[in-house]
Amino acid sequence: MEKMKVIVFVLTILLNNCNSLVKGSEVPLRSVAQSDQELKNIKYIESKILPDISAILNLHENGNEEKLKKLQAFISTGWPLLESNGYKVKKDTPFTLIIPKFNINSVEKARLKDFILEHIVPGKAYHNKHDESYGNSNKHKLSFRESHGKWDLNGIGVIETMKVTENMVIIFIDGVLDRKAPYSKRNIISHPEHNEPQRVEARDKSTSFFMDPLPSKHSPLVNFLSSMKTGTKVFQHFLLKSNLTQIMDDGPFTILIPADNAFQRWHPIDWGFYPFSVPEFTERILRNHFIQSQNPVRMNDVKNSNKLPMKTLGGETVIFRNTPFPNVNNVSILADYTLSNGNQVFIISEVLFVSEAVVSKLHQMHKDKETPPLLAFPWFGAQFLSHSFLALERDARFIQITRFLNNAEIAPYISGANYTFFVPEDQAFRNIGFDRLSDDIFSSAQGVKLLLHHFVRGRLYDRDLKDNEVFETIGGGVIKITRAFEGTVSVNSAKIVESEVFVYNLGTMFYIDSILYPDILQDYISKKNSGHELAGRPPLLPTPSDVEIVPKEFYVTEPSDSEDDEIITPKALPVRFMYNPK
């Protein structure tokens, strides 16, 4: 009985704390269902109705041929699909059709239905303009805004509005409303087996180190390595991932196999740079441990010759000597074996052609492979965020963003690693008066939402920022990449002033000259200045969408338990936290 009282008491405290936390954070935690019921056209949406398109099919207007083709393609593709899913045409019902500037035939079939519904609105949504009480057929709110005489819809520019009948308005937009951005080629996928984000370009199987393993040919070398209980597991791990498996049995070979301790020598103790995390380097080093000759080199050949030079498969020269003990390039030969196909194996004590100078130069070229120290502060469960914060804190250009990070509770949304952070410089805050905002505003729900729009899940490199590429932010919005002819790269309206600032192997930062989605805090600026803009400051720019933050579902991914992975790859974190957006 006493135990039950204690349990009830603890649960009561936890519930009270949760309620106060939700109330204090001001983050909108209403369910989607509750939010849906507030839409004026929710009954029409739930009734699964379609507009009467007979008037549209007869449209003929000079100068609008291209737009009409997109309109007719949208209808001819969408209506049969929706009718097969139970949607029915209802006459005399107002509708707004939104026609995206996008080839609908390139949308994936699995997503076509949602794409169509995203652009169909039961009701005269456009006539409500600033009224955000209408939603599209996916129950997503619509927001029309005017800036300098131009209108946009959820941040996408309105090209033209066409009134077909009293009940039908068509809006042509310069983009798409689909939140999942169907023409986004990717949001970078993480690799759970290592806490190291990887590049995403297509692999060239003729040269790539991390190519798909070939079917087993029962190679004598592979059989030999598999039979070795200890001492050669690291070499085996790398070999099976390389393309050397294609040639290892094609002729007489002498194979120099560094012992596991030789690779371990280059491991950082707790954190740092591991050279064999660079695939191209590892491939090159492996090739320089294979010697193809008319006859394999035997131990007797080494003992009977004071100097025996040979060329490796990678083009380097190795010299076998017998004094003061059998060695190759002054590296001790620990053991020798003859394989069943006649090839010769030498176990050696060091990895050839790797030195402190080589590793230092490689490190400078691959900062993105460096593993970080584990930080207990500011946010233990958010290592990328913590290391980014400490790096920005040391730079005088980022006083405002570090103040923002220090006040907005975003660590639960940016937990673990594998992120890209678009970081506004201080001048971006000053340009629109955000440098005068109080800490309380930065810590508000709106402040959190604005800040989350500067993060993308997945590690992006400069090569990933291709023209017209679209990525979804952690705040639920989208950012569009623009590459100008002169080389300038922009994220929405913000220019990138510095690219690929690597935060160890945890993620990447890009420094930008403007704030993304600044209109989220526009009301605070208006109140602060009695409805007037700050003197001499430019107006806030429109942004792509206005998406509310909803609660995130977190899950934990444990690191790989593979013995080889534990040997090969230093872990950046003992545990990595990630989450799925709803």
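The values are calculated or read from the model by the stated rules, or taken from the named source; none is laboratory data. Values in this document were obtained by computation on a predicted structure and should not be read as measured data. Because the Cβ atoms are built from the backbone with ideal geometry, glycine has one as well, and the counts that use them run over all protein chains shown. Protein only, heavy atoms only, side chains kept; ligands, DNA and RNA dropped before computing areas. Shrake-Rupley method; radii C 1.70, N 1.55, O 1.52, S 1.80 Å.
I need the full set of residues from region 447-499 which are more than 27 Å from residue 524 (Cβ to Cβ) and among the polar types (S, T, N, Q), in order please.
Correct list: 468, 482, 488, 499.
So residue 287 passes all but one of these: (1) without any contact (Cβ under 8 Å) to a residue 24 or more places away in the chain; (2) surrounded by 16 or more Cβ atoms within 10 Å (Cβ to Cβ); (3) of a type in the set (D, E, K, R). Which condition number does it fail?
That leaves (1) as the condition not met.
Which one of these does residue 337 not meet: (1) in contact with a strand residue (DSSP E or B) (Cβ under 6 Å, 6 or more places away or on another chain); (2) open to solvent by 70 Å² or more (accessible area, probe 1.4 Å); (3) under 19 Å from residue 353 (Cα atoms)?
(3)
Got a sec? Which of 324, 268 is in a loop (DSSP other than H, G, I, E, B), under 29 Å from the mean Cα position of the chain (by Cα) and modelled with pLDDT under 95?
268
From the list 285, 291, 257, exactly one residue is at pLDDT 90 or above, in a helix (DSSP H, G or I) and among the aliphatic types (A, V, I, L, M). Which is it?
On the way: 291 fails: in a helix (DSSP H, G or I); 257 fails: in a helix (DSSP H, G or I).
Just one listed residue meets the conditions, 285.
Among the numbered criteria (1) open to solvent by 20 Å² or more (accessible area, probe 1.4 Å); (2) free of Cβ contacts under 8 Å to residues at least 24 places away in the same chain; (3) of a type outside the set (Lys, Arg), which single criterion is violated by residue 381?
Failing condition for residue 381: (2).
Taking region 400-441, which residues are open to solvent by less than 40 Å² (accessible area, probe 1.4 Å), within 14 Å of residue 384 (Cβ to Cβ) and of a type outside the set (A, V, I, L, M, F, W, C)?
Across region 400-441, the qualifying residues are 413, 415, 416, 418, 419, 420.
Return the residues of region 62-93 that are touching an Asp or Glu at 6+ places or on another chain (Cβ under 8 Å), exposed (fewer than 14 other Cβ atoms within 10 Å of the Cβ) and part of a helix (DSSP H, G or I); say none if nothing qualifies.
none
Do you know which of the residues in region 457-495 that are surrounded by fewer than 19 Cβ atoms within 10 Å (Cβ to Cβ) and farther than 26 Å from residue 177 by Cβ is nearest to the chain's Cα centre (by Cα)?
The selected residue is 461.
Of the residues in region 358-378, how many are open to solvent by less than 80 Å² (accessible area, probe 1.4 Å) and free of Cβ contacts under 8 Å to residues at least 12 places away in the same chain?
Our first condition is that a residue be open to solvent by less than 80 Å² (accessible area, probe 1.4 Å); within region 358-378, this holds for 358-360, 362-363, 366-373, 375-376, 378.
Next, from what is left, pick out any that are free of Cβ contacts under 8 Å to residues at least 12 places away in the same chain: 360, 376.
The qualifying residues number 2.
What single numbered condition from (1) farther than 21 Å from residue 436 by Cα; (2) polar (S, T, N, Q); (3) modelled with pLDDT of 95 or more fails to hold for residue 488?
(3)
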